[in-house]
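Each value in this text was obtained by applying a stated rule to the coordinates, not by laboratory testing. In this text, all values refer to a predicted model and were calculated from it rather than measured experimentally. All Cβ positions, glycine included, derive from the backbone under ideal geometry; neighbour counts span all protein chains shown.
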Amino acid sequence: MTKPIELVIVTGMSGAGKTVAIQSFEDLGYFTIDNMPPTLLPKFIKLVEQSGETNKVALVVDMRSRLFFNEINAILDKIETNERVKVKILFLDATDGELVSRYKETRRSHPLASDGRVLDGITLERELLAPLKSLSQNVVDTTELTPRQLRQVLSEQFSSDDNKSSFRIEVVSFGFKYGLPLDADLVFDVRFLPNPYYKPELRDKTGLDKDVYDYVMGFEESESFYQHLLDLIEPILPGYQKEGKAILTIAVGCTGGQHRSTAFAHRLAEDLKANWSVNESHRDKDRRKETVNRS
């Protein structure tokens, strides 16, 4: 049976955090659209049903679409009659003082106060949005929340068994001779270990081959370093997840990225997979062989 479409409409006061919210939903695996005109919602839902490519959708509808906003109630009523669509409205709010402060900090004009004070625009917007706020199943006051804390709140409210693993670990091996991975958060150097390159029978293989892997891991210093590495990494992963980080990239490097780093990255990825969502890649594993083939 096809899963029902989970539709989250993100709305609320301008400056209350809708941009952070829609980015958070994207990290949770939702298909997202910012500033969706309400009149297009029914047609968009039909397209989603027909495509069948996703069943989680989050849309920002705010006062930038104010020309269409007076029709929102009728449109929502129409969508809610569709048994295949589960609709939730997320309303983000903050105190007037906090919203004024945020507008002053960004030096942007309020969408409803182009010819007046920011506070006048906030007052008018609050009045216009009051009926929609009363319909919202989730109201979040962001006055005291940092962007990281808002992401955490939304993750707690909208995570399901399918997307609880939105925090993902990327384990990548690389060669220092080709430069550091630009997206690496943690970098570990294994160039101090014995190098299989100097074993003719291992030179053209990689750390994913059993004999190379066994050679790299067969030294006492290799095992000692790996256990210390694992003891360092495992306790800090929940902290990264709690901080709201979507992807943590752990890079392990050796000289060419073919033998030692590949073996270590593979072992680390396999061990972390027991408790985390992990993707393993080896950036430079075949680069030396490709260079030789081209010469």
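General observations
- Note, ³J(HN,Hα) from phi for region 206-222, Karplus 6.51, -1.76, 1.60, rounded to Hz, x at Gly and Pro: 10, x, 8, 7, 4, 5, 5, 4, 5, 5, 4, 7, x, 8, 4, 5, 5
- Evaluated with a Cβ-only charge set (Lys, Arg +1; Asp, Glu -1), region 145-295 carries a dipole of roughly 580 debye about its Cα centre, given to the nearest 20.
- Residue among Lys86, Lys285, Lys46 with the largest mean-square fluctuation in a Gaussian network model of the chain, springs linking Cα atoms under 10 Å: Lys46
- Shown here: Cα extents along the principal axes in Å, derived from the displayed model; of the candidates [x] 76, 47, 39; [y] 45, 39, 38; [z] 56, 42, 41, it corresponds to [x].
- Neighbour-count ranking [beta-carbon atoms within 10 angstrom, fewest first] of Thr81, Thr142, Thr262: Thr81, Thr142, Thr262
- Only lysines eight or more places from Lys210 in sequence, or on another chain, were considered; those with a Cα closer than 24 Å are Lys199, Lys273, Lys285, Lys289.
- Inter-part distance where region 26-43 and region 175-207 are each reduced to a Cα centre, Å: 44
- Partner lysines whose Cα lies under 18 Å from the Cα of Lys242, excluding those fewer than 8 positions away in the same chain, are identified as Lys164.
- Note on region 167-294: dipole from Cβ charges, positive end direction compared against Val212, Gly179, Thr249; the farthest Cα belongs to Gly179.
- Under the convention that each Lys and Arg Cβ holds +1 and each Asp and Glu Cβ holds -1, the size of the dipole of region 5-164 around its Cα centre is about 280 debye.
- C-alpha long axis of helix 18-27 to longest principal axis of the chain, angle in °: 40
- The chain: angle of helix 41-51 to the longest principal axis, Cα-based, in degrees nearest 10: 30
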